[in-house]
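Here the structure is laid out as structure tokens; the discussion comes afterwards.
The values are calculated or read from the model by the stated rules, or taken from the named source; none is laboratory data. Predicted model only: the values in this text are computed from it and were never measured. Methodologically, a virtual Cβ is constructed for each residue, glycine included, from the backbone with ideal geometry; neighbour enumeration extends over all protein chains shown.
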């Protein structure tokens, strides 16, 4: 780092700066600071001022500063912030308030105070929430289309042209700085660092006497660690971005942070990964910027934020937290061990603890109000009350779809490849099919296909080239099934193995009855097969397990037909969800293939043409 720049900058900001203050700014001894001041005078960068105990910048000093002027800032704000659920279900982490001020706005304000107004925010999750900042602070927004499944390496990749050829701060939207640590001029690339006593899992730094970072390692003891913002100089970005572009194209780097690339450049691993990129093998300069204790904050989770800002202990302004507080008659501070669960295709859920027990709160996802009738779902759970088969529901709102249920410690989802577990699951399905339980609504495949088709067309084209032909085949199957006149019983219709919980005591619970209604019970077997991506052989075995015998030709046809119809229905569902911004990868095509393949199998069993 060019210490002359720091001295010139300090004098520009405060001509009466003392050598002791310079030593603190430079993290050097008072004697070293004195020698550096003499050096700047010898180079005619500064001189003593006309006022006692002051300095004055000379033209050469001003020229040096102009060459090291900060051009702008890049703020990373694309991620979800899973450790801050349920707050981040509604609000991106960077827009959460600390002491009444949004974290990202505090950083923008601090940048403005340093004269830095060219600010770009890289957005992804809930990107629309950041739009107001364009008017309020004249920032620019840059969308990262890969935010949902890749890490900050990809974020920097998409923003690389913002950084290239410039001196730029790189910030995280969810950092909080007690004091303004930004300046109009910087003397070289750096990474903010805080000292961690004892064992730490943070990214630890080794550096030389001049503060140049020599090595980065994950985890250590009594170390200075990467903590807070960074500064990319022009020369740093020129070398670093070339290597980062190479890493972006390498398989297996999808979950890399941008710091992984820098760490590999220091260790020499980058040269091995990218032998054809000369920049990967060169030494790269970045310096440690050691900050005082309690100046930089990276909140790891909601618990840390609660300890810092007591507002979050009592009133978080979050609908889900307020609901849990009301249902259990506790203060929000008594809701602990909160963490995000694996996001479902339809809903968001989080785990929490109240009074020594764990529970799950389900929050309906966007657009689900058009797909699921929550009053009907509640009617199903009401019918199941006392029937020891579903999860134990503590709270259910038939208007909003919010649900709170007990969490089963030590449970795991059923394994579709385990014969023993699938036999237990099919026993549960048989049991409620024969229970005689009834609700006042049905699950009608024809009505649902018509409904989803209408939703898809209202949001754009259905892109399958042979859609009209396949749609006609589904109508043939529906007509044939109707002619059978099978009795309708309470059916689950979402018998994916993830909805079967295998409890430690051997019991099984079937959860999430969102789509349940009166239907042909064989549809549940078909849905289980396609959700498990079963082959024909695996499907035929599942049928025998459920029936406990060989199926009749009509039963086999019925299940194959529902597999085709289910595949068709859920492919439409996925197309509609994609129009809302949710992508499910190859799921759409897999379901559509079930529709086509099992229609052909039905044709071999019975003449339906």
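Some values worked out for this structure:
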{"read-out": "Count of the range 28-56 residues which are under 19 Å from residue 211 (Cα atoms) and not in a helix (DSSP H, G or I)", "value": "2"}
{"read-out": "Complete set of residues in the range 310-332 that are in contact (Cβ under 8 Å) with a residue 24 or more places away in the chain and farther than 17 Å from residue 85 by Cβ", "value": "311, 327, 328, 330"}
{"read-out": "Residues being closer than 28 Å to residue 297 by Cα, under 28 Å from the mean Cα position of the chain (by Cα) and outside any helix (DSSP H, G or I) - total across the range 225-257", "value": "13"}
{"read-out": "Any hit, the range 258-275, residues being surrounded by fewer than 19 Cβ atoms within 10 Å (Cβ to Cβ), under 22 Å from the mean Cα position of the chain (by Cα) and at pLDDT 95 or above", "value": "yes"}
{"read-out": "Number of positions in the range 456-466 that are surrounded by fewer than 18 Cβ atoms within 10 Å (Cβ to Cβ) and either touching a helix residue (DSSP H, G or I) at 6+ places or on another chain (Cβ under 7 Å) or in a helix (DSSP H, G or I) (or both)", "value": "5"}
{"read-out": "Residues satisfying the stated conditions in the range 404-417, i.e. under 19 Å from residue 495 (Cβ atoms) and surrounded by 16 or more Cβ atoms within 10 Å (Cβ to Cβ)", "value": "405, 408, 411, 414, 416"}
{"read-out": "Residue ID - surrounded by the most Cβ atoms within 10 Å (Cβ to Cβ), chosen from residues in the range 477-494 that are in contact with a helix residue (DSSP H, G or I) (Cβ under 8 Å, 6 or more places away or on another chain) and assigned to a helix (DSSP H, G or I)", "value": "477"}
{"read-out": "Single unsatisfied condition, residue 426 versus (1) surrounded by fewer than 18 Cβ atoms within 10 Å (Cβ to Cβ); (2) part of a helix (DSSP H, G or I); (3) at pLDDT 95 or above", "value": "(1)"}
{"read-out": "Complete set of residues in the range 382-398 that are assigned to a loop (DSSP other than H, G, I, E, B) and at negative phi", "value": "385, 387, 388, 389, 390, 391, 392, 397, 398"}
{"read-out": "Scope the range 567-591; condition under 22 Å from the mean Cα position of the chain (by Cα) and within 17 Å of residue 534 (Cβ to Cβ); matching residues", "value": "586, 587"}
{"read-out": "Failed item, numbered, when residue 25 is tested on (1) over 27 Å from residue 140 (Cα atoms); (2) at pLDDT 85 or above; (3) not in a strand (DSSP E or B)", "value": "(2)"}
{"read-out": "Out of 292, 278, sole residue that is out of contact with any helix residue (DSSP H, G or I) (no Cβ under 7 Å at 6 or more places or on another chain), assigned by TED's automatic domain parsing to the domain that holds residue 173 and within 30 Å of residue 316 (Cα to Cα)", "value": "292"}
{"read-out": "Filter result (surrounded by fewer than 17 Cβ atoms within 10 Å (Cβ to Cβ), part of a strand (DSSP E or B) and more than 29 Å from the chain's Cα centre (by Cα)) within the range 152-206", "value": "197, 198, 206"}
{"read-out": "Any chance residue 111 is assigned to a helix (DSSP H, G or I), touching a strand residue (DSSP E or B) at 6+ places or on another chain (Cβ under 9 Å) and at pLDDT 95 or above", "value": "yes"}
